[in-house]
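To start, the structure under review is shown below, and the notes come after it.
The values are calculated or read from the model by the stated rules, or taken from the named source; none is laboratory data. Model, not experiment: these values are computed from the prediction. Quick reminder, even Gly has a Cβ in these numbers, built from the backbone with ideal geometry, and neighbours come from all protein chains shown.
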Amino acid sequence: MNQLIQAATHGDILKLTAPEFILVITALVTLAVSFAFTGRMEALRLSRTLSWLSVLGLGLAGGVLLFNQPSGDVQGGLFYTNEACRLVKLGIAALGVASIWLHMGNQRPFPHQGEFHALLLLALVGMFLLVGADHLLMIFVALELTALSLYVLTGFEKSRSIATQTALKYFLIGGVSAAFLLYGFSLIYGVTGYLSLSDIQVALTDKPITPLLAMGLVMSLIGFGFKIAAAPFHMWAPDVYQVAPTPVASLIASASKVAGFFVLGRFLWGGFEGFEGSIHGWHWDTGWVVALGLLACLSMIIGNLAALKQSNLRRLLAYSAVAHSGYALLGIMSPSESGPASAAFYMITYGVSIVGVFGLLHVLSPDGQNTNWQVLEGLRHRSPWMAACLMVLVLSMAGIPPLVGFLAKFNLFIWALKSSGNPLGLILLVALALGASAVSLYYYLGMLKSAFCKDAPQTASIGANGYQISLIGATTLVTVLLGLFPGTLLAKFMLAFAS
Amino acid sequence: MLAWTVYISFLSALGCFLLPKERPDISRQLALAGTIVAALVGLICAFSYAPVDDNPIVDTVKLSWIPSLGIQYYLAADGISMVMVVLTGIASVAAVLFSWNIEERANEFFGFFLALIGGVYGVFISFDLFLLFVFYEIAIIPKYFLIAIWGSTRKSYGAMKIVLYSFIGSALALIGIMAAFVVSGAHSFELQQLIQHPYTSEFQQWAFPVTFIGFVILAGMWPFHTWAPTGHVAAPTGASMLLAGVVMKLGAYGALRVPMTLFPMGAAMWREELALLAAISIVAGALVALVQSDFKFIIGYSSVSHMGFVLLGLLATTETGLSGAVLQMFSHGILAGLLFAVVGRMVYARTHTRELSQLDGMELGKKLPFAATVFLIAALASVGLPGFSGFVAELHVITGAWSSFSYTAIMAGVGIVIGVAYSMRALLTVFWPSHQGMPPLNNQLLPAITAQEKIGSYLLIGTSLIIGLYPRLILDLVAPSLHSPLLKPLISSVAGAQ
């Protein structure tokens, strides 16, 4: 299980990329099945079959990751796997299953189910590859695989004109960001002569930072900023969260962000260690940590302030997600290995909560058209259990103990503050993050107020099916249990990233 | 065994949530049973509290919780914790008795109520700072719902204000706790471990005020006190009793336990400025109470004034001052509960108004003689009538403050005089108005005082009387803690500075 492979043959490559292979094959199988059975099978049944197939594929991939995944890399540094990659991929697979589960709750699936599932799986393949990428080209290709699939999925309900419009907006902004990224990568290649991150690191050792390299780094950071929806590159997020089909929105909000953060940490610490500069209180030395600090500040402030004014819950979640990206950036900025580990833990646990909230919104507004505040009103009357789940999930996002959101945030801040040479360097950013959390409590409590303190405009009880109930229940349970007993998993994360 | 105070509270909370909402009577009985059992557990532990040798801290549970950060599930108690646990027990039983009239969504009310109490117990018996903080935050959220759902007068606004103030305060406190952990380099959040580290005076100079202010926001220190009157007024009676009675104590207790214990040098640097703020709290709270037209706002501001005594006692940082602070926490916890009970349950629930101008014509002194008597006793006790707990507490605080900063003691004395004035004003306007002979505006018969109200009143008055007559019950518990390694550096650093 823990053999180290320096892949040279096709067999070795296959061993290293087995989970990705399984997912690609599953994607092709879903396409084939839908091609064979469309029209011959009732639409709902077909859709459920495809979903189960996808879940099966993800489960198999997860099984391989858990039990039979060697560590190692493909020659030339195109692709690698280690303990940390495995854990993060498992997290992504779990969040992917949750998103598909969300889709299974759909009673009236839209047409072209085969393509929908195949694209969803391909997006996940892209995320998997992204996590294992150690090479600028690979990073770019994987990012684009994910992004292109998500553009199509966002506009999947093409009968709604708003969907097409939003998908186009997402595509155009995403395209521009890809251009930034590619331009940055090409400058880096031009300066160093290498594409593999480890080679770049070696080439740059003991070299001063040149203006050209700085420009390349800044361009790449802008590109990544779009992908993780950090302010000021977040403007696509609210529209996409609002309009995309619920499972897609939840995938964008959870798994794709996890992958984005992981690769950002890998890119910066794997290729550009030594150029990070530092922040200490009000003082700073130029480096990419300062740039990340700027992104983090803007994300926390803009995200939370904009969320205060939203009337649509999905847009609110999008802005709050921007703020959460800001918090997680603090983890990437930390010079200890535990920093990125805590950021990954944070994003995965946040992903669980937000998938649960999307599940709830899906129940309350099955067509996804109306997700204004009113849908929450009187939820307590209509379904006390749903209201209780909403409370747990939302309070976890707000960072209230003993839920996992608090613990993940606490862990993040501790590692942001703790660094051997420069303890408490980021304390002002941490203080800002805590202040921003206080602002966020205002709108999170507002959601709970609608659910618990207002009377329902509609008193009809809620018709949720088994898939929806199990998804909401499971995410809530994970949020509570991981909050109470985080020890083992957290230790695993810390250990995996340290090696 | 002490840990069961927390478990019983949370389990009863869970039980209440699961009960049917159509049967408020079962929820009440469960809540009463839960609080009584928890209070008894607390009392038994307090009476059997026996520190070993020099170490006043008696461990209850100590388990590794989150090893990667060195966080332990560590419940323990010293004498100060014991006093606070007993206070929480008595105040919570009384608050349930005075919430007997809650009919609407009673199961949820008592659920949130008990969750709040569980968090409060947890804070008082945690010696791992992470755990302490967890309980501290658990106590924030139920307050929001208790006020926003069952409250009165601008309840949404009051609920949000109280929660945001609490949360911002706890965020400041958290910065201090995290910084202390990171700087110490220790792999533990245990208080006894952290105090081993010699924090530099530059560090203490900023860490102390940040952490201290973070905690005392919840204790209602001027100028961060505005949440307290608004929140107390908006809250339903039982919740105001808890808020004023025990939740404000969380702030004062946290300030003593965390910043003052960890950063004694910082305390020595800042205590004069902060003691002045505490003295201003006493006077300003009392002055504002003097001009309120809403009966409950008078009590709300009087809480700010009385909590000022607690803070002044803490900041005097002498043994007398600290004992006085603990005594005053206990005393105010009991008496504020009683005052809110009279205003909210006995008067407001019957007359549906709290405006002094309207209560003025109702001749409540004749209609509700019991309420009038209880209010008289509570008001006199809290301004320091000898024989009740308020007297010994304020005497200790003023003596302690005198030896540190004599002008703050004078300000506190002025505060007591104003306290007499606003209490008498409220008492005379509400219960015994002077303009006899005018026809009462509103002559309907008010419902009689219920048995629960009477029992609750006797319980609180009795407690205050016992402590007033025999304060050594508390002082003997507190004394070993003052000589413990936790607080010794604080007291000696101040003594050395003088």
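Let's see how each residue does on (1) within 14 Å of another protein chain (Cβ to nearest Cβ); (2) out of contact with any Pro (no Cβ under 9 Å at 6 or more places or on another chain); (3) among the polar types (S, T, N, Q):
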site: B:A3; (1), (2), (3): no, yes, no
site: B:V6; (1), (2), (3): yes, yes, no
site: B:L11; (1), (2), (3): no, yes, no
site: B:V37; (1), (2), (3): no, yes, no
site: B:I66; (1), (2), (3): yes, no, no
site: B:L75; (1), (2), (3): no, yes, no
site: B:S81; (1), (2), (3): no, yes, yes
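Can you find even one residue in the stretch A:481-497 that is part of a helix (DSSP H, G or I), closer than 19 Å to B:G119 by Cβ and more than 8 Å from chain B (Cβ to nearest Cβ)? There is at least one residue in the stretch A:481-497 that is part of a helix (DSSP H, G or I), closer than 19 Å to B:G119 by Cβ and more than 8 Å from chain B (Cβ to nearest Cβ).
If only residues of the stretch B:153-182 that are surrounded by fewer than 19 Cβ atoms within 10 Å (Cβ to Cβ) and within 10 Å of chain A (Cβ to nearest Cβ) are counted, the one that is nearest to B:L75 (Cα to Cα) is B:L164. Is it the case that A:L95 is in a helix (DSSP H, G or I), in contact with a Pro (Cβ under 6 Å, 6 or more places away or on another chain) and buried (at least 22 other Cβ atoms within 10 Å of the Cβ)? No; evaluated as a whole, the condition is false for this residue.
All conditions but one from (1) crowded, with 18+ Cβ neighbours inside 10 Å; (2) in contact with a helix residue (DSSP H, G or I) (Cβ under 8 Å, 6 or more places away or on another chain) apply to A:I162; the one that does not is (1).
Among what's in the stretch B:269-281 and is crowded, with 20+ Cβ neighbours inside 10 Å and under 14 Å from B:G321 (Cβ atoms), pick the residue that is modelled with the lowest pLDDT. The residue in question is B:R271.
Among the residues of this structure, B:E202 counts as one that is charged (D, E, K, R), surrounded by fewer than 24 Cβ atoms within 10 Å (Cβ to Cβ) and within 14 Å of chain A (Cβ to nearest Cβ). Out of A:S34, A:S54, one residue alone is farther than 30 Å from A:M347 by Cα, touching a residue at least 60 places away in the same chain (Cβ under 8 Å), touching a helix residue (DSSP H, G or I) at 6+ places or on another chain (Cβ under 8 Å) and among the polar types (S, T, N, Q). It is A:S34. Can B:V210 be described as within 11 Å of chain A (Cβ to nearest Cβ) and surrounded by fewer than 22 Cβ atoms within 10 Å (Cβ to Cβ)? For B:V210, the condition - within 11 Å of chain A (Cβ to nearest Cβ) and surrounded by fewer than 22 Cβ atoms within 10 Å (Cβ to Cβ) - is met.
Only one entry in B:F263, B:F309, B:F295 is farther than 24 Å from B:G176 by Cα, buried (at least 24 other Cβ atoms within 10 Å of the Cβ) and more than 19 Å from the chain's Cα centre (by Cα), namely B:F295.
Can B:A228 be described as surrounded by 22 or more Cβ atoms within 10 Å (Cβ to Cβ), outside any helix (DSSP H, G or I), of a type in the set (A, V, I, L, M) and away from every other protein chain (no Cβ under 13 Å)? Spell out the reasoning first.
Values: surrounded by 22 or more Cβ atoms within 10 Å (Cβ to Cβ): yes; outside any helix (DSSP H, G or I): no; of a type in the set (A, V, I, L, M): yes; away from every other protein chain (no Cβ under 13 Å): yes.
Criteria not met by B:A228.
Identification of helices (runs of 4 or more DSSP H) wholly contained in the stretch B:1-105 with 2 or more residues that are farther than 26 Å from B:M329 by Cβ yields B:4-18, B:24-47. Looking only at the stretch B:125-132, decide whether some residue is within 13 Å of another protein chain (Cβ to nearest Cβ), surrounded by 23 or more Cβ atoms within 10 Å (Cβ to Cβ) and hydroxyl-bearing (S, T, Y). So far as the stretch B:125-132 goes, yes, one or more of its residues are within 13 Å of another protein chain (Cβ to nearest Cβ), surrounded by 23 or more Cβ atoms within 10 Å (Cβ to Cβ) and hydroxyl-bearing (S, T, Y).
In the stretch A:441-491, how many residues are exposed (fewer than 15 other Cβ atoms within 10 Å of the Cβ) and among the small types (G, A, S)? So the answer is 5. Number of residues in the stretch A:1-16 that are at pLDDT 80 or above and surrounded by 21 or more Cβ atoms within 10 Å (Cβ to Cβ): the value is 1. Quick one: A:A464 ticks every box in (1) in contact (Cβ under 8 Å) with a residue 40 or more places away in the chain; (2) facing chain B (nearest Cβ under 9 Å); (3) over 22 Å from the mean Cα position of the chain (by Cα) except a single one, so which number is it? So A:A464 meets the others, but not (2).
Would you confirm whether any residue within the stretch A:230-246 is of a type in the set (D, E), at pLDDT 90 or above and in a helix (DSSP H, G or I)?
The first filter runs over the stretch A:230-246 and keeps only residues of a type in the set (D, E), leaving A:239.
Next, from what is left, pick out any that are at pLDDT 90 or above: A:239.
Still in the list and also in a helix (DSSP H, G or I): A:239.
For the stretch A:230-246, residues of a type in the set (D, E), at pLDDT 90 or above and in a helix (DSSP H, G or I): present.
Scanning the stretch B:193-200 finds one or more residues that are of a type in the set (V, I, T) and touching a residue at least 40 places away in the same chain (Cβ under 8 Å). When the stretch A:169-217 is filtered for residues that are of a type outside the set (A, V, I, L, M), under 27 Å from the mean Cα position of the chain (by Cα) and surrounded by fewer than 17 Cβ atoms within 10 Å (Cβ to Cβ), the ones remaining, listed by number, are A:G175, A:Y183, A:S186, A:S198. Is there a residue being over 30 Å from B:H187 (Cβ atoms) and either more than 9 Å from every other protein chain (Cβ to nearest Cβ) or buried (at least 21 other Cβ atoms within 10 Å of the Cβ) (or both) anywhere in the stretch A:420-440? For the stretch A:420-440, residues over 30 Å from B:H187 (Cβ atoms) and either more than 9 Å from every other protein chain (Cβ to nearest Cβ) or buried (at least 21 other Cβ atoms within 10 Å of the Cβ) (or both): present. Report every pair of residues separated by at least 6 positions or lying on different chains whose Cβ atoms are under 6 Å apart, first residue within the stretch A:198-218 and touching a residue at least 12 places away in the same chain (Cβ under 8 Å), second part of a helix (DSSP H, G or I) and among the hydroxyl-bearing types (S, T, Y). Qualifying pairs under 6 Å: A:I200/A:T192.
Could you list, in sequence order, the residues of the stretch A:396-405 that are facing chain B (nearest Cβ under 7 Å) and within 17 Å of B:I168 (Cβ to Cβ)?
Going residue by residue through the stretch A:396-405, those that are facing chain B (nearest Cβ under 7 Å) are A:400-402.
A:I400, A:P401, listed by residue number.
I'm checking my understanding of the structure. Among residues of the stretch B:70-116 that are of a type in the set (V, I, T) and within 26 Å of B:L256 (Cβ to Cβ), which one is surrounded by the most Cβ atoms within 10 Å (Cβ to Cβ)?
Filtering the stretch B:70-116 for residues of a type in the set (V, I, T) gives B:71, B:80, B:83, B:85-86, B:88, B:90, B:93, B:96, B:102.
Then drop every residue that is not within 26 Å of B:L256 (Cβ to Cβ), which leaves B:71, B:80, B:83, B:85-86, B:88, B:90, B:93.
On the way: B:I71: 27, B:I80: 27, B:V83: 28, B:V85: 26, B:V86: 23, B:T88: 30, B:I90: 25, B:V93: 24.
It comes out as B:T88.
One residue alone among B:E190, B:E108, B:E137 is free of Cβ contacts under 8 Å to residues at least 40 places away in the same chain and either facing another protein chain (nearest Cβ under 10 Å) or not β-branched (V, I, T) (or both), and that residue is B:E137.
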